[in-house]
Amino acid sequence: MTDRPPASSPGVSARMSRSRRRDTAPEVAIRREAHRRGLRYRVDAPLPGLPRRRADMVFIRRRVAVFVDGCFWHSCPEHATTPTANREWWVAKLERNEQRDRHTDEHLEGLGWTVLRFWEHEDATAAVDVIEHAVRST
């Protein structure tokens, strides 16, 4: 990865430093609903054969990995934006994120895992409907 350019302003720097890697509001909403339904899982768990990659929720015995992707960081087709400052760097960074996501999915599926991805703007209850079905039917 190329060297990260400096933030375009102190405000941008402050906003980016507040971005959480885990325990975001959408993740917590999905986890609460899953727990309420009796589903038990690991949080922010490492993935087999993928150093430095983690899933938001992992059902190890059932081999189900759940990711709650942020619209900005994972280039949501509905809500993706690209910063205008340092545009070239951001385009490359976001493309690498998408490629990493696809590689992760392919790797896990090759090991027999079910990979579920949800966007941060999706309804938590509907997401847990899908998760529950995957976990209880495997």
* Whichever residue in the range 61-81 is surrounded by 13 or more Cβ atoms within 10 Å (Cβ to Cβ) and β-branched (Val, Ile, Thr) and, among such residues, is nearest to PRO26 (Cα to Cα) -> VAL68
* Taking the range 96-138 on its own, how many of its residues are touching a Ser or Thr at 6+ places or on another chain (Cβ under 8 Å) and of a type in the set (Asp, Glu)? -> 2
* Asked: If VAL91 satisfies every condition in (1) β-branched (Val, Ile, Thr); (2) at pLDDT 95 or above; (3) assigned to a helix (DSSP H, G or I) but one, which is the exception?
  -> (2)
* Answer yes or no: is there a residue in the range 13-31 that is at pLDDT below 95, on the phi > 0 side of the Ramachandran plot and of a type in the set (D, E, K, R). => yes
* Asked: Of everything in the range 94-119 that's in a helix (DSSP H, G or I) and among the polar types (S, T, N, Q), which residue is surrounded by the fewest Cβ atoms within 10 Å (Cβ to Cβ)?
  -> GLN99
* Structure fact -> Within the range 55-76, the residues that are without any contact (Cβ under 8 Å) to a residue 24 or more places away in the chain, under 17 Å from LEU116 (Cα atoms) and of a type outside the set (Ser, Thr, Tyr) are ALA55, VAL58, ILE60, ARG61
* Would the range 93-112 turn up any residue that is more than 25 Å from ARG31 (Cβ to Cβ), of a type in the set (A, V, I, L, M, F, W, C) and touching a residue at least 40 places away in the same chain (Cβ under 8 Å)? -> no
* Looking only at the range 126-138, decide whether some residue is part of a loop (DSSP other than H, G, I, E, B) and either in contact with a His (Cβ under 9 Å, 6 or more places away or on another chain) or at pLDDT 95 or above (or both). => no
* Within the range 71-108, track down each residue that is small (Gly, Ala, Ser) and either under 25 Å from ARG52 (Cβ atoms) or within 15 Å of the chain's Cα centre (by Cα) (or both). => SER75, ALA80, ALA92
* Using beta carbons and a limit of 9 Å, which pairs, at least six apart or on different chains, have the first residue in the range 31-43 and in contact (Cβ under 8 Å) with a residue 24 or more places away in the chain and the second one hydroxyl-bearing (Ser, Thr, Tyr)? -> ARG31/TYR41; GLU33/THR125; ALA34/TYR41
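The values are calculated or read from the model by the stated rules, or taken from the named source; none is laboratory data. Bear in mind that the values here come from a model prediction, so they are computed numbers and not experimental data. Because the Cβ atoms are built from the backbone with ideal geometry, glycine has one as well, and the counts that use them run over all protein chains shown.
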